[in-house]
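Read the structure below first, then the notes.
The values are calculated or read from the model by the stated rules, or taken from the named source; none is laboratory data. For clarity, every value in this text was computed on a predicted model and none was experimentally measured. Backbone-built Cβ (ideal geometry, glycine too); neighbour counts: all protein chains shown.
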Amino acid sequence: MKVLWTGNEAVARGAYEAGVVYASAYPGTPSTEILENLATYPEILSEWAPNEKVALEAVIGASFAGGRTMASMKHVGVNVAADPLFTFAYTGVNGGAVIISADEPGQHSAQNEQDNRNYAKAAKIPMMEASDSQECLDMIKAAFDLSEEYDVPMFFRMTTRLCHGKSVVTPSSRKEVGIKSFVKNPGKYVMVPGNAKVRRMDLEQRLSRLKEYSENCPWNRAEYHNSSVGVIASGPSYHYAKEVFGETASYLKLGFTNPLPDHLIQEFCSKMETIYVVEENDPYLEERVGMLGFACQGKDLFPKMGEMTPDVIRKALYGTMLPQIEYDNTTVVPRPPTLCAGCPHRGFFYQLGKKKNVMISGDIGCYTLGFAKPYNAMDSTVCMGASFSMGHGAQQVFRQTDSGMRVVSVLGDSTFFHTGINSLITVVYNKSNTVNVILDNRITAMTGHQENPGSGKNVKGDPAPMMDIEAIVKALGIQYVRTIDPNNLEQVSQTLDEFLALEEPSVIITRWPCALKKLSREDREEFQGAFVEKNRIEEETCIGCKKCIRCGCPALVFNKEKRKTSIDSLQCVGCDVCTQLCPTGAIKKEGK
Amino acid sequence: MTKNILLAGVGGQGTILAGKLLTQGLLEAGYDVKMSEILGMSQRGGDVVSQVRFGERVDSPVIEKGGADMIVAFEKMEALRALSFLKPGGQVVVNDYQMPSMPILMGDFDYPHHAIEEIKKHADTKVIPASDMAEKLGNGKVMNIVLLGTIIKTMGLEGIDWNRIVKENVKPDFVEINMKAIKAGMDAVGG
């Protein structure tokens, strides 16, 4: 049977067919759907971990215990998991283990564009790269066999187009490989320096055997056409290059890319007069080709950043793209992502942005959009969990000046569990006085509504222990804690003012569900009246002052001819933020 | 010969489901199919495109600028934004619906009211009130399926068993309205 699957669906299927019994991940675009798909197979125990390091460590334990196992994460997640990753290469595996890195050339949903192929090289972990969904399935299955055969964890590098692009796949059935027995072996599993030095030497031997595999495996192959123009490519870049060069070039398609097949590269290059290396981001393949003594065209011709799509290749090669319609597009207005109508972050950021002499330390989530107009309520964003710790460092420096600057640090519930909790420890321990805000919208929203340790459910939607954020921060030693309704503008403003005046660290928890969340029974009990009654604007009472418009809600539309504002009832969920801004009381509940 | 269809809209408008049904039909008709879309942050009210390519053998999963045989725009300004993807001589279907983006709502820019006129100057363009048609069918949300109907007719894909594709992919209660929506879309661009 043929199906049309994303790379993420195919990877999950590959893991299922390979007999995986345990998987762990933290959500992150574009990798999120891998674990969501794994969770649909009853044979695989699938879990959301609070962060990528925890996910990988759980996977390492599962491998040592003898099960086939997989961790999946976005590219920056590998930074979080890098500590265990490097030493996992030394220990090797018991049950086969695969780590998925979903990179983001083009930065569709990420704070940077790092090329994680460099991790494979640096961590000395063998790597595979698929070019379409069928290869995802086939390679993942092979990766588990290789992991066990060569006693190594395997690194599987994907990119956004591969993760979210669909192509034709023929699935097959699961191979039950069972769970191997765990045999105590400190020399292999306890990485004290004495043991690690031995494993370090052993790793070189394992890699040297894998280099031989790389030379002769089905994933690295030359395709000769009647041409002396040679293209070397891995991942989706292979298909992009084929689209442009067609059969006017020969190809060296590389799928097993650490260790690279030097002899195969030499053989291919020696037959070609002109060599192009087509790869996204860093000159990973190009540097190896150069090191082997062949002149090639790579990053001197093709861009170092963004996706290597056919039009990018065409432009770099020929200076032109396909013929296009020439038209006036100067009037097309950008459509940046925005906080949704009814988003619980709106009221909070509307008020926070008005506070003077405050630096706002931000984090990664939907709420990062608080940086934009009309809120202008975020001054920094670097990585997951950084808001509390960066805010702390900033406050420690402001304290040494006479600026009187105060810091408000903001992150979401899932980000708090991810790494924010560690950052709050430094705030308390080092006697900071930052105001730390946890925007608890009862779900991991930006990646598409994944459960987390605070939501009361697991990845399958089954009941799970629910962490109590207020109790946690109190236990860490925060004395000033208050849980507020972010849609209540007066409460938001007053609480901020009160806590900004403190000499001690404080935590504000805003608690209201994401407007897109499918509310649970518990949510309905706790948030009575949430998203029940929409609002409307009484036209005769509206004076067209546009004060409501300034809260940046996409449901509010100002009509220039009438000089009145109206509410798009398809979008409105009745959060009442705009109602509180209206000076004439023109905003009413529908039907009233 | 590979055919390319670009679906352009705003996050939340249902481009993804329309693309899914389309590609499912193409797969069952025996084509090689690739589809590309970007998920994540852009879903939050940002502009989104789904790219569908089909033929005997498809390499790239993305459509080049100047490469689309057909653009189906779920919103008027998005049609104008996407026009650079159209192959000269290609077809455009636009939903007669406008959704101002946040910079327009904030009063920093004007909505490009001449979008349709500009597109018509350069391409064979059909403007379809798909949102209104969907409302009349009883559910505004099937706007995306009305637009799927326009693709089926424009690209000559009537031979595919869409009834079965819809049955396999939507809840039983919604099969009838989806089939009506496909027919309405086909009729709207027919003749």
- Task: From (1) assigned to a strand (DSSP E or B); (2) at pLDDT below 95, pick out the condition that doesn't hold for residue A:360.
- Result: (2)
- Task: Kindly indicate whether residue B:87 is out of contact with any Lys or Arg (no Cβ under 9 Å at 6 or more places or on another chain), surrounded by fewer than 24 Cβ atoms within 10 Å (Cβ to Cβ), modelled with pLDDT of 95 or more and facing chain A (nearest Cβ under 8 Å).
- Result: yes
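With segment A:68-173 as the region, which strands (runs of 3 or more DSSP E) entirely inside it contain at least 1 residues that are under 25 Å from residue B:48 (Cα atoms)?
On the way: elements: A:69-74, A:97-103, A:127-129, A:154-159, A:166-169.
Fully inside segment A:68-173 and qualifying: A:69-74, A:97-103, A:154-159, A:166-169.
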- Query: surrounded by fewer than 20 Cβ atoms within 10 Å (Cβ to Cβ) and assigned by TED's automatic domain parsing to the domain that holds residue A:463, is that true of residue A:539?
  - Reply: no
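Looking at the structure I just gave you, is residue A:414 closer than 30 Å to residue B:9 by Cα, of a type in the set (Ser, Thr, Tyr) and more than 13 Å from chain B (Cβ to nearest Cβ)?
Here the answer is yes, as residue A:414 does meet what is asked.
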- Note on the structure: Of the candidates A:253, A:242, the one satisfying the condition of being within 31 Å of the chain's Cα centre (by Cα), without any contact (Cβ under 8 Å) to a residue 40 or more places away in the chain, over 23 Å from residue A:18 (Cα atoms) and not assigned by TED's automatic domain parsing to the domain that holds residue A:92 is A:242
- Subset tally (residues that are within 8 Å of chain A (Cβ to nearest Cβ) and either free of Cβ contacts under 8 Å to residues at least 40 places away in the same chain or not hydrophobic (A, V, I, L, M, F, W, C) (or both)) for segment B:111-128: 7
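Residue by residue through segment A:289-307, note down the ones that are crowded, with 18+ Cβ neighbours inside 10 Å, within 30 Å of the chain's Cα centre (by Cα) and either away from chain B (no Cβ under 14 Å) or part of a helix (DSSP H, G or I) (or both).
Step one: of segment A:289-307, the residues crowded, with 18+ Cβ neighbours inside 10 Å are A:289, A:294, A:296, A:298, A:302, A:307.
So of that shortlist, the ones also within 30 Å of the chain's Cα centre (by Cα) come out as A:298, A:302, A:307.
The answer is A:298, A:302.
Filtering segment A:417-450 down to residues that are in a loop (DSSP other than H, G, I, E, B) and over 30 Å from residue A:163 (Cα atoms), which residue is farthest from the other protein chains (Cβ to nearest Cβ)? Don't jump to the end; show me each part of the working.
The initial filter retains those residues of segment A:417-450 that are in a loop (DSSP other than H, G, I, E, B), namely A:430-434, A:441-443, A:445-449.
Narrowing the set further to residues that are over 30 Å from residue A:163 (Cα atoms) leaves A:430-434.
On the way: A:430: 33, A:431: 36, A:432: 30, A:433: 33, A:434: 27 Å.
Only one residue tops the list, namely A:431.
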- Which residue, of A:360, A:325, is outside the structural domain of residue A:553 (by TED's automatic domain parsing), surrounded by fewer than 24 Cβ atoms within 10 Å (Cβ to Cβ) and β-branched (Val, Ile, Thr)? A:325
- Item | Test result for residue B:129, touching a strand residue (DSSP E or B) at 6+ places or on another chain (Cβ under 9 Å) and surrounded by fewer than 22 Cβ atoms within 10 Å (Cβ to Cβ) | yes
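Among the residues of segment A:308-319, is any touching an Asp or Glu at 6+ places or on another chain (Cβ under 6 Å), buried (at least 18 other Cβ atoms within 10 Å of the Cβ), within 14 Å of chain B (Cβ to nearest Cβ) and closer than 19 Å to residue A:112 by Cα?
Start the filter on segment A:308-319 by keeping residues that are touching an Asp or Glu at 6+ places or on another chain (Cβ under 6 Å), which leaves A:308, A:310-311.
Then drop every residue that is not buried (at least 18 other Cβ atoms within 10 Å of the Cβ), which leaves A:308, A:310-311.
Those still in the list that are within 14 Å of chain B (Cβ to nearest Cβ) too: A:308, A:310-311.
Those still in the list that are closer than 19 Å to residue A:112 by Cα too: A:308.
Among the residues of segment A:308-319, at least one is touching an Asp or Glu at 6+ places or on another chain (Cβ under 6 Å), buried (at least 18 other Cβ atoms within 10 Å of the Cβ), within 14 Å of chain B (Cβ to nearest Cβ) and closer than 19 Å to residue A:112 by Cα, which makes the answer yes.
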- Query: When only residues in segment A:544-592 that are of a type in the set (A, V, I, L, M) and assigned to a loop (DSSP other than H, G, I, E, B) count, which is farthest from the other protein chains (Cβ to nearest Cβ)?
  - Reply: A:586
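Restricting to segment B:2-34, and then to whatever is outside any loop (DSSP other than H, G, I, E, B) and hydroxyl-bearing (Ser, Thr, Tyr), can you tell me which residue is nearest to the chain's Cα centre (by Cα)? Walk me through it before giving the result.
The first filter runs over segment B:2-34 and keeps only residues outside any loop (DSSP other than H, G, I, E, B), leaving B:3-10, B:15-28, B:32-34.
Imposing the further condition that a residue be hydroxyl-bearing (Ser, Thr, Tyr) reduces the set to B:15, B:23.
On the way: B:15: 6, B:23: 12 Å.
Ranking the qualifying residues of segment B:2-34, first place goes to B:15.
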- Query: Only one residue in A:492, A:473 is farther than 30 Å from residue A:569 by Cα, crowded, with 18+ Cβ neighbours inside 10 Å, in contact (Cβ under 8 Å) with a residue 24 or more places away in the chain and of a type outside the set (Phe, Trp, Tyr), so which one is that?
  - Reply: A:473
- Message: Can you say whether residue B:78 is within 14 Å of chain A (Cβ to nearest Cβ), assigned to a helix (DSSP H, G or I), in contact with a helix residue (DSSP H, G or I) (Cβ under 8 Å, 6 or more places away or on another chain) and touching a residue at least 40 places away in the same chain (Cβ under 8 Å), as far as the supplied structure shows?
- Response: no
- In this structure, is residue B:102 within 28 Å of residue A:550 (Cα to Cα) and buried (at least 24 other Cβ atoms within 10 Å of the Cβ)? yes
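Determine whether segment A:325-340 contains at least one residue that is touching a residue at least 40 places away in the same chain (Cβ under 8 Å), more than 9 Å from chain B (Cβ to nearest Cβ) and among the aliphatic types (A, V, I, L, M). Lay out the reasoning, then the answer.
Of segment A:325-340, the ones touching a residue at least 40 places away in the same chain (Cβ under 8 Å) are A:338-340.
Remaining after also requiring more than 9 Å from chain B (Cβ to nearest Cβ): none.
Within segment A:325-340 (the criterion being touching a residue at least 40 places away in the same chain (Cβ under 8 Å), more than 9 Å from chain B (Cβ to nearest Cβ) and among the aliphatic types (A, V, I, L, M)), the answer is no, since none of the residues qualifies.
Yes or no, residue by residue, for (1) closer than 24 Å to residue A:119 by Cα; (2) crowded, with 23+ Cβ neighbours inside 10 Å; (3) at pLDDT below 95; (4) not polar (S, T, N, Q):
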| position | (1), (2), (3), (4) |
| --- | --- |
| A:142 | yes, no, no, yes |
| A:146 | yes, no, no, yes |
| A:186 | no, no, no, yes |
| A:193 | yes, no, no, yes |
| A:197 | yes, no, no, yes |
| A:218 | yes, no, no, yes |
| A:225 | no, no, no, yes |
| A:237 | yes, yes, no, no |
| A:253 | yes, no, no, yes |
